[in-house]
Amino acid sequence: MGEASQAPILFVGSNPSFGGNEYYPAIDWTDEDLVDFFDFAFSGKHAQIKDGIYARQADGSYGSFVRTWAGIRGRAKELLQRNPNPGMDYAMTEIVRCRSRDEIGVESARDHCADLYLERTIELSSARVIVALGSQVRGWLRKRWHLQPRPVSEIELNGMTRMIAFLPHPTSFGSKTFESVMPDELARLRAVLAECDQVREAN
């Protein structure tokens, strides 16, 4: 969700939640509408997320805020040190694409779904900073890319240096900000994103 080909930050969660009343594509949607729904989830004609935190319902209204999205927006603000523009400053994806309540089925589907979609999504993104949220994502990425168990790792992927930062899930208990989890690495992440802002301004 969001313009992953442009956004400098990509948040990777476990899987989309399911409440039963969300506005979501139907089988008769055109490819154009599907692309608009996901790429412009925050701003397009099918925008499903308002202000980065409110989910659009099937009746067109916007429900109460989504805690995960609120946490993600907060972490983007912490990294950028300004109010982020959701969809342009950051995009969101999941290691398992199917929706469920309380991560039901994620563990059994994780490896299969990630092999199909996740690495390809990351390769196609422009994200310099990838934020892995929660244990499911952390476990797969560390295993797949042979990463050391530290808060931030650096890899070369698709001709670009990427910073991989590992945080607890936004709805988990305990510390989950960059400042509390990785204070020594925070300045490094901010510097990378400041470079991205400078490039944007120059263009």
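For PHE173 and MET88, FRET efficiency with R0 = 35 Å and r from the beta-carbon atoms, rounded to 0.05?
0.65
Amide H to amide H, which residues 5 or more places from TYR62 or on other chains are under 5 Å from it, using H placed in the peptide plane?
Answer set, sorted by chain and number: GLN57.
Using a cut-off of 13 Å between beta-carbons, work out the net charge of the residues near GLU78 (Lys and Arg +1, Asp and Glu -1, GLU78 not included).
My count for the surroundings of GLU78 gives +3.
Pick from TRP69, TRP145, TRP29 the residue whose mean-square fluctuation is largest in a GNM of the chain, springs joining Cα atoms under 10 Å.
TRP29
Subtracting the Cα-Cα distance from 0.36 nm times the residue separation, let me have the gained length for LYS50 to VAL199 in nm, one decimal.
Gain on extension, LYS50 to VAL199, equals 50.9 nm.
Local charge sum around TYR23 (other residues, Cβ-Cβ under 14 Å, Lys/Arg +1, Asp/Glu -1)?
Details: positive: LYS45, LYS50, ARG56, ARG99; negative: GLU22, ASP33, ASP36, ASP59.
Summing Lys and Arg as +1 and Asp and Glu as -1 gives 0.
For segment 82-130, go through all pairs of different Cα atoms, get the mean of 1/r, take its inverse, and jot down that Kirkwood value in Å.
The answer is 12.4 Å.
Between LEU34 and MET160, how many nm apart are label points set 7 Å from Cα along the C-beta direction?
Using points 7 Å along Cα→Cβ, the separation is 2.3 nm.
Based on DSSP H runs of at least 4 residues, each adding -39500 (n - 2.57), what is the mean residue ellipticity at 222 nm of the chain after dividing by all its residues, to the nearest 500 deg cm²/dmol?
The helix-only estimate for the chain comes to -10500 deg cm²/dmol at 222 nm.
Apply the Karplus parameterisation 6.51 cos²θ - 1.76 cosθ + 1.60, with θ equal to phi minus 60°, to every residue of segment 181-194 and state each ³J(HN,Hα) to the nearest whole Hz, in sequence, with x for glycine and proline.
Residue by residue, segment 181-194 yields 8, 9, x, 6, 9, 4, 4, 5, 5, 4, 5, 4, 6, 5 Hz.
What residues of segment 70-91 lie in the reach of a label at SER180, counting those whose backbone N is under 17 Å from a point 7 Å from the Cα along Cα→Cβ?
70-79
Output the Cα-based Rg and Dmax of the chain in Å, rounding Rg to one decimal and Dmax to a whole number.
16.3, 49
Taking all pairs of distinct Cα atoms, average 1/r, flip it, and tell me the Kirkwood hydrodynamic radius of segment 96-192 in Å to one decimal place. Could the numbers behind the result be given before it?
Details: mean 1/r = 0.0695 Å⁻¹.
One decimal place: 14.4 Å for the Kirkwood radius.
If we restrict to alpha carbons, what Rg and Dmax does segment 1-116 come to, in Å?
Rg, Dmax (Cα atoms, Å): 14.1, 42.
Taking Cα atoms, how many degrees apart are the long axis of helix 67-80 and the longest axis of the chain, rounded to 10 and kept between 0 and 90?
Around 40 degrees separate the two axes.
Short version: ³J(HN,Hα) in whole Hz for each residue of segment 122-132, in order, from phi by Karplus 6.51 cos²θ - 1.76 cosθ + 1.60 (θ = phi - 60°), x for Gly and Pro, what are they?
Values, residue by residue: 5, 4, 7, 7, 9, 5, 8, 10, 10, 10, 8 Hz.
Any read-out appearing in this document is the output of simple, stated calculations on the displayed coordinates, not a laboratory observation. The structure displayed is predicted, hence computed values, not measured ones. Quick reminder, even Gly has a Cβ in these numbers, built from the backbone with ideal geometry, and neighbours come from all protein chains shown.
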